[in-house]
Amino acid sequence: LRGRRLGPQVYPLYFGCALSGAGVDALVDGVRRLLPPAPAPEERLRGRVFAMERGTAYVRSYGGRLHARQRVTVYRQLPDGRISTFRGQVSGLQVVGDPAASDLAGGRIGRIGGLTGIRIGDQVGSPDGLGSTAHFARPGLEAVVRPKHAGDGPALHAALLNLADEDPLIQTRVGA
């Protein structure tokens, strides 16, 4: 090992439950504290959805200001490279680490509600940088899910597709 450069030796580990939301605040705080700081805030509104929790989107803001009841455009890159858009109104906003803040400024993380259909990877305000997505390695494990009752197959598949809409890392297919 002498003369070899070793990578990081300590990795943060967080525990929680997506269903109840337990541990989410600690995870978001860890993301805010441990990841490199964002570049200087941009002038116009731009934020990326990086997590979902029961209809609430966690957004990292790169610029501009976002506040409750603001109407915004949401941008999504489709698998074929095209960009789709929809408009919505933010019904609620909470800035992580600053509950008294009334708006989400560049460089901050916030929880926003009211944007029906929003999912991980979508951008709020501007499509700039939308094509620069993080690369995730293919999962090493795959799960087969079968309905308990034979007639529930379509409903199970629809539920899995709903999960995949919120998290693009979940992929579904109908097997034999």
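Leaving ligands and nucleic acids out of the surface, order Asp80, Asp152 by accessible area at 1.4 Å, largest first.
On the way: Asp80 100, Asp152 70 Å².
Largest accessible area first, the list is Asp80, Asp152.
Per the helix-only calculation at 222 nm, which mean residue ellipticity applies to the chain, given -39500 (n - 2.57) for every DSSP H run of n ≥ 4 and division by its residues, nearest 500 deg cm²/dmol? Write down the numbers at each step before the final one.
On the way: 2 runs with 25 residues, N = 176.
The helix-only estimate for the chain comes to -4500 deg cm²/dmol at 222 nm.
Scan the chain and report its longest stretch carrying no GluC sites (Glu not before Pro) that are both in a DSSP loop and have at most 16 other Cβ atoms within 10 Å. Walk me through the intermediate numbers first.
Details: sites that count: Glu43, Glu142.
Counting only loop sites that pass the neighbour cut-off, the longest clear stretch is 44-141.
Report the longest stretch of the chain that contains none of the chymotrypsin sites (Phe, Trp or Tyr not before Pro) sitting in a DSSP loop with at most 16 other Cβ atoms within 10 Å.
Values: sites that count: Tyr14, Phe15, Phe136.
With chymotrypsin sites (Phe, Trp or Tyr not before Pro) excluded where exposed in loops, the chain gives 16-135 as its longest stretch.
Any chance you could get the radius of gyration and Dmax over the Cα atoms of the chain, in Å?
Spelled out, the Cα radius of gyration and Dmax of the chain are 18.6, 62 Å.
On average, how much accessible surface per residue is there in segment 35-76, in Å², for a 1.4 Å probe, leaving out ligands, DNA and RNA? Numbers along the way, then the final one.
Numbers: 2370 Å² over 42 residues.
Heavy-atom accessible area per residue stands at 56 Å².
At 1.4 Å probe size, with the rest of the protein present, what percent of the exposed accessible area of the chain is carbon and sulfur atoms? Can you show the working numbers first?
Details: 6880 of 12430 Å².
Summing carbon and sulfur atoms, their accessible area is 55 percent of the total for the chain.
The values are calculated or read from the model by the stated rules, or taken from the named source; none is laboratory data. Values in this document were obtained by computation on a predicted structure and should not be read as measured data. In this analysis, Cβ positions are derived from the backbone assuming ideal geometry, glycine residues included, and neighbour counts consider all displayed protein chains. Calculation scope for accessible area: heavy atoms of the full protein, side chains included, ligands and nucleic acids excluded. Shrake-Rupley method; radii C 1.70, N 1.55, O 1.52, S 1.80 Å.
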